[in-house]
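Contents: one structure, followed by commentary.
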Amino acid sequence: KIVSKKLFEKEKILTPKFIVFQSDEIRLEGKIWNNILKEIKRKIGLPCVIKPTECGSSVGVTIIKNEKEIKKGIKTALKEDNKIIVDKYINGKEITVSVLGNKRPIALPVVEIAPKKKFFDYQAKYDPKFCEEIVPARISAKMTKKAQKIAQKVYQLIDCKGFGRVDMILKGKNIYTLEINTIPGLTPNSLLPKAAQEAGISFSKLLEKIIKFALEK
């Protein structure tokens, strides 16, 4: 996550502001803790998102609404990794774009993620009762093309092969890239297969394509 965020910034791909902390830099009391609080409030502000750098499925992620919740969010993230990211929270429509291919990757239809909880957490990802996944997303044709173009750019920037999925937040006319999933979920109910289905690619055909891409030199 850290490397990709730095690449997004370098390539002028809009992404939420962020700072990184290592576990050996963090103290939850005293002067060091006060400095951490000041840095988060000055550079990121509230609300913010605290998450481990190398976990998937939203494990260890907390949305922080006020200063009192920061310490708990850091403790939760540190249970999963020794490095954490603090992101600016962007309140908008969550979308995701799957990409297929090697040399000439194509972007699949945009999926809109509408969690029935406060965010798309682990439970919402794996229990359909807690999230609605809408494909194609309820956004304009112009924003659809913009999101797909960004996804292709991110995919190639990270040098992905075969398949991947780029998560984004749409706010007004801006699309913020959150992260890229280099090995996204591949059950029939996962986001990538749903996007593929909308594009006329059955689950079995999707798997065949992924295997074919993997065998290409």
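Among 161-168, 200-207, 60-67, the peptide with the highest mean count of other Cβ atoms within 10 Å heads the list, and the full ranking is 161-168, 60-67, 200-207. Ranking Thr62, Ile40, Ile90 by Cα position along the charge dipole of segment 38-90, where only Lys, Arg, Asp and Glu carry charges on their C-beta atoms, puts Ile40 farthest toward the positive end. Projected label points at Asn189 and Ile2, each 7 Å from Cα along the beta carbon direction, are separated by 3.6 nanometres.
Rg and Dmax, both from the Cα atoms of the chain and both in Å, are 17.9, 58. Taking the 1.4 Å solvent-accessible surface of the chain as the whole, the part contributed by carbon and sulfur is 52%. Give, as ranges by residue number, the residues of segment 6-42 whose backbone N falls under 15 Å from the point 7 Å along Cα→Cβ of Lys171. Taking a point 7 Å out along Cα→Cβ of Lys171, the residues of segment 6-42 whose backbone N falls under 15 Å are 14-19.
Go through Lys65/Lys194; Lys65/Lys149; Lys65/Lys171 and tell me which ones have a Cα-Cα distance over 21 Å in this structure. Can you show the working numbers first?
On the way: Lys65/Lys194 32 Å; Lys65/Lys149 32 Å; Lys65/Lys171 19 Å.
Over 21 Å apart, Cα to Cα: Lys65/Lys194; Lys65/Lys149.
Every helix of 4 or more DSSP H residues in the chain counts as -39500 (n - 2.57), and over all residues that averages to -10500 deg cm²/dmol at 222 nm.
Once the Cβ-Cβ distance between Gln156 and Arg27 is put in as r, and R0 is 41 Å, what FRET efficiency do you end up with, to the nearest 0.05? Display every interim value, and only then the final one.
Values: r = 41 Å, r/R0 = 0.99.
After rounding to 0.05, the efficiency reads 0.50.
For the chain, the longest principal axis of the C-alpha atoms and the axis of helix 203-215 are separated by about 80°. The mean sequence distance of close C-alpha pairs (under 8 Å, at least 6 residues apart), as a share of the length of the chain, puts its relative contact order at 19 percent. Taking Cα centre as origin and charging only the Cβ of basic (Lys, Arg, +1) and acidic (Asp, Glu, -1) residues, the dipole magnitude of segment 1-89 rounds to 320 debye.
Given charges of +1 on the Cβ of Lys and Arg and -1 on the Cβ of Asp and Glu, with all other atoms neutral, how large is the dipole of the chain about its Cα centre, in debye to the nearest 20? Could you put the intermediate results ahead of the total?
On the way: 44 positive and 24 negative charges, 143 e Å.
In total the dipole reaches around 680 debye.
How many Å² of accessible area per residue for the chain, probe 1.4 Å? Please list the in-between numbers first.
Working: 12080 Å² over 217 residues.
The answer is 56 Å² per residue.
The values are calculated or read from the model by the stated rules, or taken from the named source; none is laboratory data. Not measured: the values here are computed from a predicted model. Quick reminder, even Gly has a Cβ in these numbers, built from the backbone with ideal geometry, and neighbours come from all protein chains shown. The area values use the complete protein model at the heavy-atom level, side chains included, leaving out ligands, DNA and RNA. Shrake-Rupley method; radii C 1.70, N 1.55, O 1.52, S 1.80 Å.
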